[in-house]
Each structure stands twice: as structure tokens, then as C-alpha cells.
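Undergrad: My questions all concern the structure below.
Rule-based calculations on the coordinates, nothing more; no lab input. All values reported here derive from a predicted model rather than from experimental measurement. Virtual Cβ from ideal backbone geometry, glycine too; neighbours counted across all protein chains shown.
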């Protein structure tokens, strides 16, 4: 799951980035409005955290650009502007949630998870299918009650496939959501991750559909 | 004179001038009339002397002294106060019947007509005119006398005085009344100005409206400039408060995250930071409330509540709470839109936090007030704790992390607009918060109409 963080305060951006990466997310950081606007419009993100008081372009304007451009990713506004007027303006510009600074990191993480679940129609934070369980909050995976240890990238691939389990996900799409903007992308490594997941969770967990991609199938 | 009203000053000035003018003209009129009355009095006596003189010259008196009469019948009646007498050259005297047996005081040597005061036989004061007349037949000298009671002259003067006095008082009264009316007319623009300023104070207009005479127009312009400057200063203060909050909250967020990331987090540092955060939140809320001091504001509640409803449904989407909103279109409160939004936002947000499944917000017009009720089906607040919940954080140094329910801020806002905030039990089962605020002036008028 890939997240865009638009925040001009680098220390805060670093903290949020670390917290997100601890949950296995891939994070791109934009330090001003223009960069944020560009990345958000051109990269497929699963969620966006947006500050409002940004250099070069105000957060609300960035948000309107994205929505005009058809960006569907859920957006959480994270700002020091705490008046209800600002909140109404932010949500009316197309945001999905609003959190004011100073905030608790746990709450930010919980709200982002909830946003991503809602945007992919997963009402329950814990995904269960047969003996298989995936906790979207912690990325913890259990099989027959036994915890299975996964790397961050493996968790990411698995999480994305589960979030979109009702359709086939192409290798390119998967790599776009598993790698950050600045990372060298190699779709072959996706195959490596799929292989490792199958090894840890059973061959049947992910189905390969020739020429199109992969689909989660926990049955 | 310092504290005297303009109306009193104008009236006092008018009355003083009226009194002086009327007094002066009254005095002049009296002088003139007295002189005219005295002259007429003397002329009358001289005319009687003329008659007597012609009687002497025609020899009528010599022929039949007993039959001598003057045209005026009053000279016949005894005690009438009108007398005449003729002193013949031989010293004998012919006199008016009114004199009876008495004599007017005689004057021996006179060169022309003389006037003297004497006592009538009845004892009252009379004025006597004496004139020598030379008999054309023998050149002998006659003396003719005519007299009249002075009291008649005085009575005339008194009568005139009385009617003049009445006239002057009537005139003075009429002038004073018209001065009062003119003062009222002259001061009418000031009354209009006061009404216009009241409109501004009650939030109906953003400046003092209306056209005024050139005398006070500059004053009104100055007043409006001052009001605009005030509004600008408040606007700047609000922006600065927001800027300050923004500038401080981000570093506070960084600190908080660093402390939370410590293993284990330092409780003292965490407490200190929480205190800073609470102060920051409270200070920002107060600075924002500066709007209460800038009248000229009113806000329609329904669009604000609708906007807040959209926010709540997303921010609290996870809680699956149903929001019901009842508010008539066009209902306006005498409050800054942003303050009303803050007040309602905190109340509804709070209700969403505690509700199990329902939140209801209703705005209505009642008893000349805007009444907003926000209720939920949560646990509510026990009666004993309600007072404390509202008081929490009323003093900055008491601000406790997570204290109150944002209700203290709501209470502050309501208070700043002379409104009330009451806590109760909702029919839904949870807390019900009712805020009463003054209606916008136009609302109050519509209601009265």
C-alpha cells in the first residue's frame, strides 16, 4: 500500500514516514504544494496525507486539482488549522478526513487504515478467510492460529492483493503500489515476493492469471 | 454647562434671549405709553381750558356765570374728580358744580399755562392746569383752572401695564414653544444617528448608515473610519492568532511524536507538552473569539450546520452515527459566522464522539432568541458533573489535558455573545446541550411585524 505525504515540515514528515513504513507502507514525501500536486496526480496512491499550509501552493488548491483530475485516493488533511470553518472548507474541497496538529501518531495511523479500508470496501479491519487471517492494522498474518512472519514488502504485496481481491492485479500495478517514486522499479522482484508469499502461506493463496497478473484466493 | 444636553442648552439659550428681548421691548412700550397717556391727560385739561377761554372771550361767563357749563357732563357731578374754575379780574370765582363750595388753589402771578399738583376737596391728588386769559374788552386778566384726578391717569397706566404683561407672557410662551420645536427639528439628525449606531451595534449593518447634514457628516465619516479600523485590527489579530497556532502546533506535533517514540515515553515531558497543547488550544480559541467585540455581524445557522454535518459524517465515519438536522432556512443569529460555526462544531463533534448511534441538532426561534439544541444517545453527563464540565479550563492554568468536552469553549463563546448554554438529559438518552443566542435584529423585527 502506497501513501503520499505532503508536508513541508521535514522533521514531522520524517516521523510520519517512519510510522507508516513501520506498518509496511511505501511512502513518498512531497515538501511543497506543487510537488505534491504533481505526484498525487501522476502516481497511483492508496491514501494521501495532506498539510494545508504549504509553500508554493495551498493544500486546499492542491486537493481541488487532484479531484478535478479524477484522483480517487482517500485524502486525510493533517493541519494546524483547527477551526471548523477550515474543516468544512477542506472536506468540501474533497478530503475524506481531517486531523489537527498536534496529533497522536497512533490516531493518524488508525484513521489512515480506516480510510484505506473504506475506499476498498473492507468493513472489517481484520480480514479472515478460512484458516487465514490478515490484520490490516498491524500487518500481522496468522495461518491456523500460528503467526507467519513476513517482510514489509511481502506484507505490502499481500495487503494490496487482499484489498483488491475481487479483481486481477497486474504486475505493473502491484509494483507501482509496492515501490516508492524514487525507487528503481523491477517487476521481476514482484515475482520473487509472490513466490515467497506462496512458500509461507501455501501455493493456493495467490493465483497467477497468465498475461494479466495475480489475484488473491485464500480458499 | 459641561453635562448639559444640547437640547437643554439650545432651550436655555432661547429662553434667556426671549426673556431679555421681551423685557426690553416691554419696558420701551411702557415708557412710550406712559408718555402718551400723560400727554393725552394734559391735552384733555388744556382742551377744557380752551373751552373756558372761549367762554370768557365770548363774554358768556360775564353774562350768566351761574349757567356756565362745559360740554363734559362729568364736571357737573360732585366728587367725579373733574373740576374747573374761573377767577375773574375782580377776584370772584366761578366754578364747576363738581367743586361745590370748595376752591381749587389759586395762583396769583403766572406767565403762561402752568401745571401743578393739588388735593381735591375730597382729598385725592389732582393735577391742575392754570392759564391767564386777557379780556379783549378791557384788557383785564382772568385766570382759568381745569383739574382732573391723577388716579385716572394711573388707572390707565395700570390697565395698559396689565394687558401688556399678559401679551408679553403669551408671546414669550409661544416663542419658547417654537424654540423647543426648532431645537427638536435641529437635533433630529442626532436621533437618527443614534438609531443608525444602534443598528450597527446590534449587528444589522457593518457601518453607520444614512445621510446626515454637513455639520455632523464629518463626524459620522470619522466614526465609520474608526469602526473600519477596529474591524481591520480584529481581523489582523485573528489572522495572527491563527498564524501563531500554525507556527506552534507543528513543532508541538514533532515533539509529541518524539516523546511517544521514546521507550518508555517520559511521563513528565509528555505532561508538560500536553499542558502546552491545552494552553495553545485554549488561547487560539479565545483569540478567535475577538469577533464578539466586533459587532456588525449576523449569521444564518442552517448552511453552517449543513457544512458541519458533512464534516462529521466523514470525520466520524467509522462510528456509523446517524445525524439528523432540523433548522429553518433564513434563521439568523446575532453572532459572527465563524464563532457560531465554532460553537456548533464543537457541540456536534462532541455529540458524535459520545453517541451510540444518533446525533440530533435542532435550531429554532423561541422567545425572541435563536435556540440551538444538540443531543446524542450516548452516556450523557450526570447532573452533579455538569457544572464542572462547563467550568473546566475556564482558567488557563487549570487547563488539563483532554479536560472537558470542548464545552468550556462553547460556553465562552455563548457568554461572549450574551447567550446561555445549558446541559440536560436528552430524549435520545444522552447529553443535550441547549444554547440560546440573540436573534439577528432583522429576525427580531420580522417576528414583531
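Undergrad: If I stretch the segment between residue B:103 and residue B:36 completely, what's the gain in nm (0.36 nm per residue apart, minus their alpha carbon distance), one decimal?
TA: Result: 21.2 nm gained on full extension.
Undergrad: I'd like to know how segment B:1-153 sits against the 2.2 N^0.38 Å rule of thumb: what's its Cα Rg over that expected value?
TA: The reported ratio for this selection is 1.61.
Undergrad: Related question: Give me the angle, in degrees from 0 to 90, between the Cα long axis of helix B:301-315 and the longest principal axis of the Cα atoms of chain B, rounded to the nearest 10.
TA: Tilt of helix B:301-315: around 10 degrees.
Undergrad: In what sequence do B:434, B:236 fall when counting other Cβ within 10 Å, fewest first?
TA: Fewest-to-most Cβ neighbours within 10 Å comes out as B:236, B:434.
Undergrad: For a paramagnetic label modelled at 7 Å from the Cα of residue B:287 toward its Cβ, which residues of segment A:49-88 fall within the zone defined by backbone nitrogen distances under 17 Å?
TA: Inside the label zone: A:53, A:79-86.
Undergrad: Additional query: Take every residue in peptide A:133-145, count the Cβ atoms of other chains within 10 Å of its Cβ, and give the average of those counts.
TA: Mean number of neighbouring Cβ atoms from other chains: 0.
Undergrad: Using Cα atoms only, what is the angle between the long axis of helix B:6-58 and the major principal axis of chain B, expressed in degrees (0 to 90) to the nearest 10?
TA: Around 10 degrees separate the two axes.
Undergrad: Between residue A:32 and residue B:258, how high is the FRET efficiency from 1/(1 + (r/R0)^6) when r is the Cβ-Cβ distance and R₀ = 22 Å? Nearest 0.05.
TA: So, using R0 = 22 Å, E works out to roughly 0.40.
Undergrad: What does the structure give for A:55-68 when I average, per residue, the other chain Cβ atoms found within 10 Å of the residue Cβ?
TA: Going residue by residue through A:55-68 and averaging, the value is 0.
Undergrad: Tell me what chain B gives for mean residue ellipticity at 222 nm when only DSSP H runs of n ≥ 4 count, each as -39,500 (n - 2.57), the sum divided by the residue total, rounded to 500 deg cm²/dmol.
TA: Using -39500 (n - 2.57) per qualifying helix, the result is -18500 deg cm²/dmol.
Undergrad: By how many degrees, between 0 and 90 and to the nearest 10, does the Cα long axis of helix A:33-42 differ from the longest principal axis of chain A?
TA: So the helix axis and the longest Cα principal axis differ by about 30 degrees.
Undergrad: Here's a follow-up. Which FRET efficiency value, to the nearest 0.05, do you get for residue A:207 and residue B:266 by plugging their Cβ-Cβ distance into 1/(1 + (r/R0)^6) with R0 = 41 Å?
TA: The value I calculate is 0.25.
Undergrad: For segment A:2-119, what is the per residue volume of the convex hull drawn over the alpha-carbon atoms, in cubic angstrom?
TA: Per-residue hull volume (Cα only) is 88 Å³.
Undergrad: Three principal axis extents, largest first, for the C-alpha atoms of chain B, in Å?
TA: 158, 42, 39
Undergrad: Now a separate question. How long are the semi-axes of the equivalent ellipsoid of chain A, taking √(5λ) for every eigenvalue λ of the Cα gyration tensor, in whole Å from largest down?
TA: The equivalent ellipsoid of chain A has semi-axes of 32, 18, 15 Å.
Undergrad: Among DSSP beta bridges lying fully in the protein assembly as shown, give the percent that are antiparallel, nearest 5.
TA: Bridges in the protein assembly as shown that DSSP calls antiparallel: roughly 75 percent.
Undergrad: If you don't mind, another one. Provide the FRET efficiency to the nearest 0.05 for the residue B:17-residue B:201 pair, computing r from the beta carbons and using R0 = 30 Å.
TA: E between residue B:17 and residue B:201, to the nearest 0.05, is 0.20.
Undergrad: Shielding of B:305-317 by partners, i.e. mean partner chain Cβ atoms within 10 Å per residue?
TA: 4
Undergrad: Here is a further query. Taking only the alpha carbons of the protein assembly as shown, what extent do you get along each of the three principal axes, in Å, biggest first?
TA: 181, 50, 46
Undergrad: Label-point separation (nm) for residue A:92 and residue B:5, each offset 7 Å from Cα along Cα-to-Cβ?
TA: The modelled label-to-label distance comes out at 4.8 nm.
Undergrad: Here's something else I'd like to know. Starting from the Cα of residue B:364, step 7 Å toward the Cβ, then list every residue of segment B:375-389 with an amide N under 20 Å from that point.
TA: B:375-377
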